[in-house]
1. Could you grab the pairs with beta carbons closer than 9 Å, sequence gap of 6+ or different chains, first residue in the range 16-41 and free of Cβ contacts under 8 Å to residues at least 60 places away in the same chain and on the phi > 0 side of the Ramachandran plot, second one open to solvent by 70 Å² or more (accessible area, probe 1.4 Å) and in a helix (DSSP H, G or I)?
2. Test Ala12 against the stated conditions and say whether it is among the small types (Gly, Ala, Ser), without any contact (Cβ under 8 Å) to a residue 60 or more places away in the chain and part of a helix (DSSP H, G or I).
3. What residue, among those in the range 1-31 that are among the β-branched types (Val, Ile, Thr) and within 19 Å of Arg53 (Cβ to Cβ), is surrounded by the fewest Cβ atoms within 10 Å (Cβ to Cβ)?
4. Restricting to the range 19-60, what's the tally of residues that are basic (Lys, Arg), under 23 Å from Lys8 (Cβ atoms) and assigned to a helix (DSSP H, G or I)?
5. Restricting to the range 36-54, count the residues that are open to solvent by less than 40 Å² (accessible area, probe 1.4 Å) and either of a type in the set (D, E, K, R) or under 11 Å from the mean Cα position of the chain (by Cα) (or both).
Amino acid sequence: MDNEQLLKIYRAVAGPVAENNVDKALMIIRRAGRFPDDVDRHEIRTWYRIKERLVKAGLL
């Protein structure tokens, strides 16, 4: 089973919040650790938390 299949399975069984966080994590990884320019100020803590977890897991 490859990573794409695992991601599809996770998205299929995860709730909407978890799926949204996966999308944010992928965006951070694709942008080499940078947040998008249009991050809503109400979600900035979530973005930082996700980035922190990516760093801790060695993905950034």
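1. Correct list of pairs: Gly33/Val55.
2. Working: among the small types (Gly, Ala, Ser): yes; without any contact (Cβ under 8 Å) to a residue 60 or more places away in the chain: yes; part of a helix (DSSP H, G or I): yes.
Here the answer is yes, as Ala12 does meet what is asked.
3. Start the filter on the range 1-31 by keeping residues that are among the β-branched types (Val, Ile, Thr), which leaves 9, 13, 17, 22, 28-29.
Pick out the ones that are also within 19 Å of Arg53 (Cβ to Cβ) and you get 17, 22, 28-29.
Details: Val17: 9, Val22: 15, Ile28: 20, Ile29: 14.
Looking at the filtered set, the residue picked out is Val17.
4. Result for the range 19-60: 3.
5. Narrowing the range 36-54 to residues open to solvent by less than 40 Å² (accessible area, probe 1.4 Å): 36, 39, 46-47, 50, 54.
Still in the running and either of a type in the set (D, E, K, R) or under 11 Å from the mean Cα position of the chain (by Cα) (or both): 46-47, 50, 54.
Counting residues in the range 36-54 that are open to solvent by less than 40 Å² (accessible area, probe 1.4 Å) and either of a type in the set (D, E, K, R) or under 11 Å from the mean Cα position of the chain (by Cα) (or both) gives 4.
The values are calculated or read from the model by the stated rules, or taken from the named source; none is laboratory data. It should be emphasised that the depicted structure is a prediction, and the values quoted were computed from it without experimental measurement. Cβ atoms come from the backbone with ideal geometry, glycine included; neighbour counts cover every protein chain shown. With ligands, DNA and RNA removed, areas are computed over all heavy atoms of the protein, side chains included. Shrake-Rupley method; radii C 1.70, N 1.55, O 1.52, S 1.80 Å.
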